Amino acid sequence: MATTEHYREVERKYLLHDSDRARIPDELMTAPGRRIEQYYLNHHEEPYELRLRKVQLDGVFAHVATLKKGSPPDRLEMETIVNPDTYAFWLPERHTEVLQKTRKTLAFAAGHWALDSFAHLGFSIVEAEGDVPLPDFGRDVTDDTRFTNYQLAQMNDAMTGHMPDSWVEPEEATDMRELRARIEHIRQKTPRPMIVGIAGDTASGKTTIARELVAPYGDRAVILSQDDYYRGVTKMREMFGDDYVVNFEEPIALDSHLLAQHIADLQEEKPVSRPTYSMEISDPTGEYTTIDPSDTPIIFVEGIHALDPVLAGWYDYSIFVNAPLATRVGRRLERDLAEGRSFSPEDNLKYLLELAEPTYRPHAEAQKARADLIYHT
């Protein structure tokens, strides 16, 4: 259930009060209703909307995760079924209250009307989607951002006087010039090549940060990406059996001991043969790149577990790059689509919410505690 093409999701949206209900067609009013509850895992300032929804279908509840970016007609949307435990796991992390509604639909040849009733808010909304006749009742609120589902969930917060325990405003980004100056100050006092560790979840922005920090040193600096030290599916199944489900967020998926040896060699100005890993085949390619550390003033090591206990002791300075959940998930899905990685978009979204993010969370907290700086993007 992934949609990545240009399309029109909702053409018009109409606000209905009790006085409008008499004008609603009987076919829509008498249609069977589906109970829906949903909440959002994104801040209102993020470019991505990440929604988890519980929908009643024939008396059974289905749980659906949806990621959206942009507005119709040029909207990116990905959707997948998730298990009930995933819905429950993320519930305490929501950035809105749970929005509850009952939906009735009236189908046309090329679209439908959807009547959403919000009992706790005291009004209803009709969405006209596709090439359908427009309702002659209610007030057009299509362009009124107060009536997006996200804002309706926020409205519910205001009416109940409750905000989720997890609600925090997004942190401001750290100043790059200040960080560069801090690192250069330490480097000038370090008699050997300085080692900087940069950790952070996938798509948090750590690779971009590493490139910006490298820029003042040009070709003299070395970057080691922990991605190249993944053992790969073949090796992991040799180690744990053919039925082993590889979790790429676990430290065991990485050969951190080999990376630590390479850091030690580079610090002593010894060349190393760095492996190359392919995200498309989820295995090393068998090719190696020689890195000559001659005249290298600084070495950057970046990866999701760059501050794990095997590596943390090597650094003169360490950074954990932090980004909001919806932004990380959205960036990763867009990147994987662009690069043709092995997961389909819907499988990737499911993997991230059911396995990757819950697995990585305790490792992230441990690495934050070891970092000299938490850098917010």
Filter the stretch 330-357 down to the residues that are surrounded by 16 or more Cβ atoms within 10 Å (Cβ to Cβ) and among the small types (Gly, Ala, Ser), then identify the one that is modelled with the lowest pLDDT.
Ala356
Mind listing just one residue for me: the one in the stretch 248-268 that is without any contact (Cβ under 8 Å) to a residue 40 or more places away in the chain and within 26 Å of Glu280 (Cβ to Cβ) and, of those, surrounded by the fewest Cβ atoms within 10 Å (Cβ to Cβ)?
Ile252
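Residues are listed down the side, and each one gets a yes or a no for (1) surrounded by fewer than 17 Cβ atoms within 10 Å (Cβ to Cβ); (2) within 30 Å of the chain's Cα centre (by Cα); (3) closer than 21 Å to Asp143 by Cβ; (4) of a type in the set (Val, Ile, Thr):
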residue	(1), (2), (3), (4)
Arg35	yes, yes, no, no
Val60	yes, yes, no, yes
Ile81	yes, yes, no, yes
Tyr87	no, yes, no, no
Trp90	no, yes, no, no
When both residues are 6+ apart or on different chains and their Cβ atoms are under 9 Å apart, which pairs have a first residue that lies in the stretch 86-103 and is closer than 11 Å to Leu353 by Cβ, and a second that is in a helix (DSSP H, G or I) and of a type in the set (D, E, K, R)?
Thr86/Lys350; Thr86/Glu354; Phe89/Glu354; Trp90/Glu357
Which members of the stretch 269-278 meet the condition of being within 21 Å of Asp316 (Cβ to Cβ), without any contact (Cβ under 8 Å) to a residue 24 or more places away in the chain and surrounded by fewer than 16 Cβ atoms within 10 Å (Cβ to Cβ)?
Lys270
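In a helix (DSSP H, G or I), buried (at least 19 other Cβ atoms within 10 Å of the Cβ), in contact (Cβ under 8 Å) with a residue 40 or more places away in the chain and aromatic (Phe, Trp, Tyr), is that true of Tyr360?
Yes, satisfied.
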Which residue out of Glu346, Glu334, Glu339 is touching a Leu at 6+ places or on another chain (Cβ under 9 Å), of a type in the set (D, E, K, R) and farther than 14 Å from Ile195 by Cα?
Glu334
Residue set Leu106, Leu121; condition under 16 Å from Phe147 (Cβ atoms), hydrophobic (A, V, I, L, M, F, W, C) and out of contact with any Gly (no Cβ under 8 Å at 6 or more places or on another chain); output residue Leu121
From Gln226, Gln188, Gln261, residue being out of contact with any Asp or Glu (no Cβ under 9 Å at 6 or more places or on another chain), assigned by TED's automatic domain parsing to the domain that holds Leu311, of a type outside the set (Phe, Trp, Tyr) and under 16 Å from Leu311 (Cα atoms)
Gln261
When residues of the stretch 228-247 are limited to those that are out of contact with any helix residue (DSSP H, G or I) (no Cβ under 9 Å at 6 or more places or on another chain) and of a type outside the set (A, V, I, L, M, F, W, C), the one surrounded by the fewest Cβ atoms within 10 Å (Cβ to Cβ)
Asp242
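Return yes or no: is Leu76 out of contact with any Pro (no Cβ under 8 Å at 6 or more places or on another chain) and under 26 Å from Leu333 (Cα atoms)?
Answer is yes for this residue.
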Matching residues in the stretch 279-321 - criterion: being of a type outside the set (Val, Ile, Thr), surrounded by fewer than 23 Cβ atoms within 10 Å (Cβ to Cβ) and either touching a His at 6+ places or on another chain (Cβ under 8 Å) or farther than 22 Å from Pro191 by Cα (or both):
Met279, Glu280, Ser282, Asp283, Pro284, Gly286, Glu287, Tyr288, Asp308, Pro309
Does Ala203 fit the bill of being among the aliphatic types (A, V, I, L, M), assigned by TED's automatic domain parsing to the domain that holds Pro309 and closer than 22 Å to Asn348 by Cβ?
yes
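If you check Ala31 against the conditions, is it surrounded by fewer than 19 Cβ atoms within 10 Å (Cβ to Cβ) and of a type in the set (A, V, I, L, M, F, W, C)?
Yes, satisfied.
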Within the set of pairs 6+ apart or on separate chains, which have a first residue in the stretch 137-149 that is more than 20 Å from Tyr40 (Cα to Cα) and assigned by TED's automatic domain parsing to the domain that holds Ser117, a second that is surrounded by 15 or more Cβ atoms within 10 Å (Cβ to Cβ) and of a type in the set (Phe, Trp, Tyr), and C-beta atoms under 9 Å apart?
Phe137/Tyr14; Gly138/Tyr14; Arg139/Tyr14; Asp140/Tyr14; Val141/Tyr14; Val141/Phe147; Thr142/Tyr14
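The values are calculated or read from the model by the stated rules, or taken from the named source; none is laboratory data. Bear in mind the structure is a predicted one, so any value in this text is a computation, not a measurement. Cβ coordinates were reconstructed from backbone atoms using ideal geometry, including for glycine residues, and neighbour counts include every protein chain displayed.
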